[in-house]
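Encoded as structure tokens, the structure appears first; notes follow it.
The values are calculated or read from the model by the stated rules, or taken from the named source; none is laboratory data. None of the values given here were measured: they were computed from a predicted structure. When we count neighbours, we look across all protein chains shown, and the Cβ atoms used for this are built from the backbone with ideal geometry, even at glycine. Note: areas computed on protein heavy atoms with side chains; ligands, DNA, RNA excluded. Shrake-Rupley method; radii C 1.70, N 1.55, O 1.52, S 1.80 Å.
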Amino acid sequence: MGDRLKYKYVEDAGREILLSDTHPISDISDFSKYLSALNDKNYTVFITKDNNKCTVKENDADLLTSLGINTDLLEKDTPYYCVLESCSVLCESADENPGKEYGSLKNGHYFSITSTNKDKESFSSIRIDGIDYSVNKSGLNIVVYDNYNDKVIDSVCFDIRKDYTCNRFD
């Protein structure tokens with residue numbers, strides 16, 4: 001079984017990480033289309049949100065719910081995180097206290113996911129085997145891990161306060 005994807009190294013804030021260069025999901029910048037693409041049993045999806053309230057359109061709320069995400073938690077003005085493995089919720093939390101979760105995936109990789117609001121500064125960390133893949137911007141930070149290829153295939157942040165602008169590592 002050969003690699004289906006090509007990968008590139010990107011440098012951000014002094015860290016070099018490996019991301020897919022050719023996976024179709026990394027070409028999607030529309031929020032609704034992106035949510036639809038996440039509904040894949042081959043993916044583990046990591047999501048963090050800062051303390052800004054997330055009000056999503058009805059269609060997007062339906063897509064989030066179909067993924068297993070509790071949209072009531074997303075709409076709270078508290079930090080939020082969620083891990084979806086093969087279309088099932090592994091963990092999900094929204095709390096005023098800093099949220100952090102550790103765990104391991106079915107394939108043996110370890111993760112930690114953090115969403116906090118310290119001193120009015122938002123912070124997102126999505127680590128897999130010690131490497132932080134989060135874009136760490138205000139909004140919904142999403143990291144997609146391809147269980148089949150055993151690689152991170154996308155890291156994105158949608159600015160939920162404004163027009164759902166899509167931000168990726170350059």
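Key figures for this structure:
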read-out: Given (1) open to solvent by less than 70 Å² (accessible area, probe 1.4 Å); (2) outside any strand (DSSP E or B); (3) touching a strand residue (DSSP E or B) at 6+ places or on another chain (Cβ under 7 Å), number of the condition LYS137 does not satisfy; value: (1)
read-out: Residues (part of a loop (DSSP other than H, G, I, E, B), open to solvent by 40 Å² or more (accessible area, probe 1.4 Å), out of contact with any helix residue (DSSP H, G or I) (no Cβ under 7 Å at 6 or more places or on another chain) and under 25 Å from VAL152 (Cα atoms)) located in segment 22-80; value: THR22, SER29, ASP30, ASP40, LYS41, ASN42, ASN70
read-out: Close pairs (9 angstrom Cβ cut-off, 6 or more residues apart or separate chains): more than 19 Å from LYS137 (Cα to Cα) and open to solvent by 70 Å² or more (accessible area, probe 1.4 Å) in segment 89-118, assigned to a strand (DSSP E or B) and of a type in the set (Lys, Arg) anywhere; value: TYR110/ARG127
read-out: Meets criteria (small (Gly, Ala, Ser), touching a residue at least 12 places away in the same chain (Cβ under 8 Å) and either part of a loop (DSSP other than H, G, I, E, B) or closer than 10 Å to THR48 by Cα (or both)) for SER122; value: no
read-out: Cross-chain or 6+ apart pairs with Cβ under 7 Å, segment 146-170 first and open to solvent by 30 Å² or more (accessible area, probe 1.4 Å), then in a strand (DSSP E or B) and of a type in the set (Ser, Thr, Tyr); value: ASN147/TYR43; ASN147/THR44; LYS151/TYR7; LYS151/SER20; ARG168/SER155
read-out: Residue that is farthest from TYR43 (Cα to Cα), among those in segment 105-119 that are at pLDDT 90 or above, assigned to a strand (DSSP E or B) and of a type outside the set (A, V, I, L, M); value: SER112
read-out: Where a residue in segment 32-57 is closer than 27 Å to LYS106 by Cβ and touching a residue at least 60 places away in the same chain (Cβ under 8 Å) and its partner, wherever it lies, is crowded, with 22+ Cβ neighbours inside 10 Å and acidic (Asp, Glu), with Cβ under 9 Å and at least six apart; value: TYR34/ASP154
